[in-house]
Each structure stands twice: as C-alpha cells, then as structure tokens.
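Asks: I am attaching a structure below and will ask some questions about it afterwards.
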Amino acid sequence: MKRLLATIAALNIVMNIATAATPDLDELNRMIARYAPAELRVDTSHLDPRDQQALAKLVEAARVIDDIFITQLWSANATLKSQLEQDASPLGKARLHYFTLNKGPWSDLDNHQAFLPGVPPQKPLGANFYPDEMERAEFEKWIAGLDITDPHRESALGFFSVIRRGTAPTFSVGRDGKEGMHDEAVLLPIPYSLEYSRDLGRAAKLLEEAAALTPNASLQKFLKLRAQAFRDNNYYQSDVAWMKLDAPIDITIGPYETYNDELFGYKASFEAYVGLRDDAETAKLKSFADHMQEIENNLPEDPKYRNAKIGGLAPIAVINEVIATGDGAHGVRTAAFNLPNDERIVREMGSKRVMLKNIQQAKFSKTLEPIAKRVLSEADQRDLSFDPFFTHILAHEMTHGIGPQNGVRQALKELHSAIEEAKADATGLFMLQYLYDQKLLPPAERPLYTTFLASSFRTLRFGVHEAHGKGMALQFNYLSDKGAFVAKPDGTFAVDFSKIKAAVRDLVHDLLTIEATGDYDRAKKMLDELAVLRPPMQQALDRLKDIPTDIEPIR
C-alpha cells in the first residue's frame, strides 16, 4: 500500500509540472496513422471443443500479462493508464489509443520521446526494474561489493528480479558515534514472484484451469509447470516443457526479452503470444533444422569458436496469432521470436523458433510493398516476394541459436541486443546462401537480397534508438561500404550481386568474432560508426513518411 500511495503521489506531482509542448489531437492522429489497421482473423473451428475452452482461458491469462508489463515499463504507468481511461474527450481518447499502442507515454517510433504532458521526457533507461534515480555506477559498485557466493548477487544479475531500495542491519558506526548494528539503506533484489505476486497468482490460476481443459498432454504439462514458475520464480523446468510443446494451441507466456532494460540488459519483460499452429508450414520449415549443425560447422569464424555440438532439439513452430500482450504487443509488432534466453537450455537443447505468419503477411502487404515502390527500381520490384521475406525471418530466428552463446550477453552488456540482432540477420543471409550453394534449396539469390534490401528500410523506419534499428543500420552501412548495396542517383537502391555474398560473409565474421571474444570496445566502436542514419538513407526514409510504419492488429 505504501508503494502504491507513493506512486500516486509521484504521478500527481509530475502531472502538474509545466512541460514542453505535447502533440495535439491532429498530431496524435498522424502518429497513430503510422500503424496501419490490419484485420487478423484466425479460424478456431477445427479445434477440439475442450481446446476451444482452454484457448479462452489462455487469452484471459495473456491479458493479465499486459497488466504486469504496464507496471514493468514505468513506476507510475498503471496509474497514468487509469487516468487516461477516465478522459472521454477526443484528445483523451487519442492519448489512450496511442498509449495502448506503446504500452506507455513514450513513442516507440520517436526515440521513446514522451507524447503526454507531465512525464519524463524519455523512457527511463532502467524502466521500472531499478529505483528511478539509480545510476549505473551505484549498481556496479554494489555488485562489486557482494561476495561471489552471495545469493543476492546471482539474483541481482538474473533475469527474474527487480532491484529496490530497502534497509539491512549492518555493523557500522552510527550517527551517535557508537559502533553496533544499524539499519542502513541498501539495494535489494526482489524476485518477480514476490514483486508481481497478485497478477502472477491470477495468471497461474488461469493456466491451471486451461490445463484441466485441454486434452493435449504436452500443453497440460507446460501450463502446470509455468503456473508453478509464476509462484516460485524458477523457470527452468517450464522452459524445457515449452521447448517440447507439441499442441494445436501454441502459447508463449512469461518473462523473456531484456530489451526494455537499457541500463544493463539483464531484466526480462513479461509477454504472451497465443496462437494456433499452422501444421503445413511448420512441417515444411522443420526440414531446415536438419542442417543447423552443418551451418554451425561452416560459419565464417575461427574454428575454435564453433560449437562442436549445438543443442539437440531445435523446434520450429509456425503459428497464426490469436492474441499478443505485454512486451509482445507494443510499438512495432513482433513477426517471429527465438527463445528461451536461458543459456543452459540453449546449450542443452538449442532454442525454439516461433513464426507469426499472419503478422508477417500483414506487415508485408501493409508496409513493405508500398516501401519497395519508392526505394527499388521498377525492374527490381519484380524480385520482391513474400516467400524470401518469410524465409529470412525464419533464418534470422534459427541463427540466434548458433554461434557464440556462453556469457555473450553479460560481456556486451547494453550493446548485446543490437549486435545479436545484426548477427542473426546477417547470419540468416549466410545460412540461406549456404543452402543455395549446397543445392539444398532452389537458388533464389535475387529475390532474397532484393527483398532484404527493401525490408531494411522498413526496419530503419523504427529508428536507431532500439536494438533492431541499430542492428539494421549497422548492416546497411557495412554492406554499403563494401559496395554490396548501391545508392542510385534517382534515389533508389540496388544490390550489387557481384559483391553481396563476400560482404555478407565478412560481416558475419566480424559480428561472430565480437560475440565469441566478448569484445565490448569493438562492439561499441562498430555501433558508434555504423548504427547511424547517413544522408542517402535518411533522404530515402524522408520519402516514406506517408507510408504506415507498422501494423495495428484488429481482432
């Protein structure tokens, strides 16, 4: 209750602070229009009636995850959302609409700048994972002072805790000048199971109710174990069960990605994806998994960095999304993901790739096709195709699970996400080219690279303030410097097919070496020099301003 009252008091203060001009109704509507409404319909009629009932429970559980994520993003976020819901004016409705698209008062497409009055001008780097006023140096000093065996140290650096201020009895000299035990202010790790106990309890109950309904044994097992993880903060066994999930209903629910922790990249945000498996596409794409060890063995890096045996299981699922919430449903919508991030499971089992086919199709038709008409010549537009777009996203997700895995996130810290996204993109291109060269796939170089070039502008429109945009700018500029991407005098761009294969190979080598060596300084230098919007790129992006940037799913 004290924390709630403090949050409300803090919000009342910031809401009354005079701030710089914020978007008016017309400007907010223009910002909202950057997300093209895309109707998503998923046929559930083929499901067993018991699974249909279970699906309803899982959708309800996913909505609970939204509540948790709102709290994770900012300490005053939930209270702000409640206030916006009470404003029925046209401006109030537009503000709530855009808040819902971003899950907070900062615009994902505008470098996380505030679009509401009385809030911090940009999203706090540490979100609500750390005390609002805590700086990196304070946390690092605290960690350095903890013994390596101190359980607080492991928890503080782990995915599933928040850092809060508290007091602890410490032997010291008090204000009265006397030695003894005194309560001193300290940083403390609080497990998610405690910090979000009310909402996690609600979600766990719904998962258990769904488990009692579904006839699918693997889904039952995952839901029961994930419900237990919500209560005890131990996600390992439920992650293993998620890797083995084989059911018509596909669900991903829990704390996973660390992008919102821009201080250290340690803390996982809650997200949920509920969908129905596309059996025909899943069967077709699973054949790629048979070649992942071969790809690993031929990566363009020093052989000593290669994994002699990548994880034995590499499940791939293609689903049509029914609902996404939390970290999976703000700003630019996820088209695919590769989880879990637990390095133990990646070493033992590999990682699972989930492709959201109906989301990808909506993005392609609503954004990429219009972009291609502006950045490609009329002749090159004929090579644009959904198939290589879809296949490269698959390759991207698959190659997250190969290459260096141990300790990379900790070594590269806040740079890890951008480097890893660039690595997965580039290594995905390398993988598909390898399969073409080995006659394991019908050759399709022109559609692959031309579609990737056009798609790079789709990603760059999201800005270079977040991992995917930074990673794409790095790749685009690297390949341009190698002469593989060429800017034409008429403002269009083209692929130099005599240079692209070697340039991609060099890029993959450099990124894999950075990850294998944990070279923070080299990663920073590469991002500082290449993760920028150069004039030809910026000029092209300026010509795309009237094209929607992404989609807003309508269900």
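The values are calculated or read from the model by the stated rules, or taken from the named source; none is laboratory data. Note that this is a predicted model, so its numbers are computed, not measured. Here the Cβ is made from the backbone with ideal geometry for all residues, glycine too, and neighbour counts use every protein chain on show.
Asks: Which members of the range 68-113 meet the condition of being aliphatic (A, V, I, L, M), buried (at least 18 other Cβ atoms within 10 Å of the Cβ) and more than 23 Å from Phe270 (Cβ to Cβ)?
Replies: Ala94
Asks: Scan the range 334-369 for residues that are touching a Ser or Thr at 6+ places or on another chain (Cβ under 8 Å) and of a type in the set (Val, Ile, Thr) and jot them down. Before the answer, list the steps.
Replies: Of the residues in the range 334-369, the ones touching a Ser or Thr at 6+ places or on another chain (Cβ under 8 Å) are 337-341, 345, 354, 356, 359, 367-368.
Answer for the range 334-369, where residues must be touching a Ser or Thr at 6+ places or on another chain (Cβ under 8 Å) and of a type in the set (Val, Ile, Thr): Ile345, Val354, Ile359, Thr367.
Asks: Now for a separate question. Can you work out which of the residues in the range 357-415 that are more than 16 Å from Glu281 (Cβ to Cβ), in contact with a helix residue (DSSP H, G or I) (Cβ under 8 Å, 6 or more places away or on another chain) and of a type in the set (D, E, K, R) is surrounded by the fewest Cβ atoms within 10 Å (Cβ to Cβ)?
Replies: If we take residues in the range 357-415 being more than 16 Å from Glu281 (Cβ to Cβ), in contact with a helix residue (DSSP H, G or I) (Cβ under 8 Å, 6 or more places away or on another chain) and of a type in the set (D, E, K, R), then Lys373 is surrounded by the fewest Cβ atoms within 10 Å (Cβ to Cβ).
Asks: For the subset of the range 311-333 comprising residues that are among the hydrophobic types (A, V, I, L, M, F, W, C) and in a loop (DSSP other than H, G, I, E, B), which member is surrounded by the fewest Cβ atoms within 10 Å (Cβ to Cβ)? Reasoning before the result, please.
Replies: Within the range 311-333, the subset among the hydrophobic types (A, V, I, L, M, F, W, C) is 313-314, 316-319, 322-324, 329, 332.
Cutting the leftovers down to in a loop (DSSP other than H, G, I, E, B) gives us 313-314, 329, 332.
On the way: Leu313: 15, Ala314: 21, Ala329: 22, Val332: 21.
In this case the residue turns out to be Leu313.
Asks: Okay, moving on. Checking the condition farther than 21 Å from Lys373 by Cα and either outside the structural domain of Val408 (by TED's automatic domain parsing) or crowded, with 22+ Cβ neighbours inside 10 Å (or both), which residue from Leu474, Leu527 passes? Step through it out loud before you land on a result.
Replies: Working: Leu527 fails: either outside the structural domain of Val408 (by TED's automatic domain parsing) or crowded, with 22+ Cβ neighbours inside 10 Å (or both).
Only one candidate qualifies: Leu474.
Asks: Could you grab me the full set of residues in the range 55-114 that are basic (Lys, Arg) and at negative phi? Spell out how you get there, then give the answer.
Replies: Going residue by residue through the range 55-114, those that are basic (Lys, Arg) are 57, 63, 81, 93, 95, 103.
Once the filter is applied, which keeps residues that are basic (Lys, Arg) and at negative phi, the range 55-114 yields Lys57, Arg63, Lys81, Lys93, Arg95.
Residues are listed down the side, and each one gets a yes or a no for (1) out of contact with any strand residue (DSSP E or B) (no Cβ under 7 Å at 6 or more places or on another chain); (2) under 26 Å from Ser218 (Cβ atoms); (3) not aliphatic (A, V, I, L, M):
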| site | (1), (2), (3) |
| --- | --- |
| Ala38 | no, no, no |
| Pro49 | yes, yes, yes |
| Leu58 | no, yes, no |
| Ala62 | no, yes, no |
| Ile65 | no, yes, no |
| Ile68 | no, yes, no |
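Asks: Looking only at the range 273-297, which residues are among the hydrophobic types (A, V, I, L, M, F, W, C) and under 22 Å from Gln52 (Cα atoms)? Outline the logic, then answer.
Replies: Keep residues of the range 273-297 that are among the hydrophobic types (A, V, I, L, M, F, W, C), which gives 274, 276, 280, 283, 285, 288-289, 292, 295.
If the condition is that a residue be among the hydrophobic types (A, V, I, L, M, F, W, C) and under 22 Å from Gln52 (Cα atoms), then Val274, Leu276, Ala280 are the ones that fit.
Asks: Go through Phe457, Phe462, Phe485 for me and flag whichever is surrounded by fewer than 23 Cβ atoms within 10 Å (Cβ to Cβ) and aromatic (Phe, Trp, Tyr). I'd like the intermediate steps shown before the answer.
Replies: Values: Phe457 fails: surrounded by fewer than 23 Cβ atoms within 10 Å (Cβ to Cβ); Phe485 fails: surrounded by fewer than 23 Cβ atoms within 10 Å (Cβ to Cβ).
Sole residue among the options that is surrounded by fewer than 23 Cβ atoms within 10 Å (Cβ to Cβ) and aromatic (Phe, Trp, Tyr): Phe462.
Asks: Read through the list (1) over 16 Å from Leu541 (Cα atoms); (2) touching a strand residue (DSSP E or B) at 6+ places or on another chain (Cβ under 8 Å), then give the number of the only condition that Lys482 fails.
Replies: Every condition holds for Lys482 apart from (2).
Asks: Would it be correct to say that Ala308 is surrounded by fewer than 16 Cβ atoms within 10 Å (Cβ to Cβ), more than 19 Å from the chain's Cα centre (by Cα) and aliphatic (A, V, I, L, M)?
Replies: Values: surrounded by fewer than 16 Cβ atoms within 10 Å (Cβ to Cβ): yes; more than 19 Å from the chain's Cα centre (by Cα): yes; aliphatic (A, V, I, L, M): yes.
When the stated conditions are applied, Ala308 passes them.
Asks: Can you pull out every residue in the range 88-131 that is assigned to a helix (DSSP H, G or I) and under 15 Å from Leu25 (Cα atoms)?
Replies: First pass over the range 88-131, keeping only residues assigned to a helix (DSSP H, G or I): 90-102, 108-110.
Selection gives Pro90, Leu91, Gly92, Lys93, Ala94, Arg95, Leu96, His97, Tyr98, Phe99.
Asks: Test Thr282 against the stated conditions and say whether it is surrounded by 23 or more Cβ atoms within 10 Å (Cβ to Cβ) and polar (S, T, N, Q).
Replies: Values: surrounded by 23 or more Cβ atoms within 10 Å (Cβ to Cβ): no; polar (S, T, N, Q): yes.
So Thr282 fails the test.
Asks: If you go through the range 374-419, how many residues are of a type in the set (Asp, Glu), at pLDDT 95 or above and in a helix (DSSP H, G or I)?
Replies: Within the range 374-419, the subset of a type in the set (Asp, Glu) is 378, 380, 383, 387, 397, 414.
Still in the list and also at pLDDT 95 or above: 378, 380, 383.
This time we only want the ones that are in a helix (DSSP H, G or I), so: 378, 380.
Of the residues in that region, 2 qualify.
Residues are listed down the side, and each one gets a yes or a no for (1) assigned to a helix (DSSP H, G or I); (2) surrounded by 21 or more Cβ atoms within 10 Å (Cβ to Cβ); (3) modelled with pLDDT under 95; (4) in contact with a Leu (Cβ under 6 Å, 6 or more places away or on another chain):
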| position | (1), (2), (3), (4) |
| --- | --- |
| Asp199 | yes, no, no, no |
| Ala204 | yes, yes, no, no |
| Leu207 | yes, yes, no, yes |
| Ala210 | yes, yes, no, yes |
| Ser218 | yes, no, no, yes |
| Lys221 | yes, no, no, no |
| Phe230 | yes, yes, no, yes |
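Asks: Quick one: in the range 232-285, of everything that is in a strand (DSSP E or B) and of a type in the set (Asp, Glu), which residue is farthest from Asn320 (Cα to Cα)? If you could, list the steps in order and put the result at the bottom.
Replies: Taking the range 232-285 as the starting set, the residues that turn out to be in a strand (DSSP E or B) are 249-255, 270-277.
In the following step, the residues that additionally are of a type in the set (Asp, Glu) were identified as 250, 271.
Numbers: Asp250: 9, Glu271: 17 Å.
Looking at the filtered set, the residue picked out is Glu271.
Asks: Is there any pair linking a residue in the range 50-75 that is touching a residue at least 12 places away in the same chain (Cβ under 8 Å) to one that is among the basic types (Lys, Arg) and crowded, with 22+ Cβ neighbours inside 10 Å, with Cβ under 7 Å and at least six apart or on different chains, and which?
Replies: Going by the 7 Å Cβ cut-off, the qualifying pairs are Phe69/Lys103; Ile70/Lys103; Leu73/Lys103.
Asks: Give the residues of the range 145-180 that are at pLDDT below 70, part of a loop (DSSP other than H, G, I, E, B) and either touching a Pro at 6+ places or on another chain (Cβ under 8 Å) or of a type in the set (Gly, Ala, Ser) (or both), sorted by residue number. Spell out how you get there, then give the answer.
Replies: If we filter the range 145-180 for residues that are at pLDDT below 70, which is where we start, we get 170-180.
Adding the requirement that they be part of a loop (DSSP other than H, G, I, E, B) leaves 174-178.
Scanning the range 145-180 gives Gly174, Gly177.
Asks: Turning to a different aspect of this structure: With the requirement that a residue be part of a helix (DSSP H, G or I), more than 19 Å from Val486 (Cα to Cα) and either free of Cβ contacts under 8 Å to residues at least 60 places away in the same chain or not assigned by TED's automatic domain parsing to the domain that holds Lys499 (or both), what does the range 433-468 give you?
Replies: If we filter the range 433-468 for residues that are part of a helix (DSSP H, G or I), which is where we start, we get 433-437, 445-460, 467-468.
This time we only want the ones that are more than 19 Å from Val486 (Cα to Cα), so: 433-437, 467-468.
Within the range 433-468, Tyr436, Asp437 qualify.
Conditions tested, residue by residue: (1) under 22 Å from the mean Cα position of the chain (by Cα); (2) touching a residue at least 12 places away in the same chain (Cβ under 8 Å); (3) not assigned by TED's automatic domain parsing to the domain that holds Gln361.
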| site | (1), (2), (3) |
| --- | --- |
| Asp496 | no, yes, no |
| Ala502 | no, yes, no |
| His509 | no, yes, no |
| Ala531 | yes, yes, no |
| Arg534 | no, yes, no |
| Asp542 | no, no, no |
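Asks: So in the range 280-293, with the set limited to residues that are in contact (Cβ under 8 Å) with a residue 24 or more places away in the chain and not β-branched (Val, Ile, Thr), which one is nearest to Gly401 (Cα to Cα)? Walk me through how you get there before you give the answer.
Replies: Keep residues of the range 280-293 that are in contact (Cβ under 8 Å) with a residue 24 or more places away in the chain, which gives 281-282, 285-286, 288-289, 291-292.
Remaining after also requiring not β-branched (Val, Ile, Thr): 281, 285-286, 288-289, 291-292.
Values: Glu281: 20, Leu285: 16, Lys286: 15, Phe288: 13, Ala289: 11, His291: 13, Met292: 9 Å.
Ranking the qualifying residues of the range 280-293, first place goes to Met292.
Asks: Still on this model: Can you name the residue in the range 130-140 that is out of contact with any Phe, Trp or Tyr (no Cβ under 8 Å at 6 or more places or on another chain) and modelled with pLDDT of 95 or more and is also surrounded by the fewest Cβ atoms within 10 Å (Cβ to Cβ) among such residues?
Replies: Within the range 130-140, the first condition is being out of contact with any Phe, Trp or Tyr (no Cβ under 8 Å at 6 or more places or on another chain), and the residues that meet it are 131-135, 137-138, 140.
Next, only the ones that are modelled with pLDDT of 95 or more stay: 131, 134, 137-138, 140.
Numbers: Pro131: 16, Met134: 18, Ala137: 8, Glu138: 14, Glu140: 11.
Top of the filtered list is Ala137.
Asks: List the number of the failed condition for Thr149; all other conditions in (1) under 28 Å from Glu466 (Cβ atoms); (2) free of Cβ contacts under 8 Å to residues at least 24 places away in the same chain hold.
Replies: All conditions pass for Thr149, except number (1).
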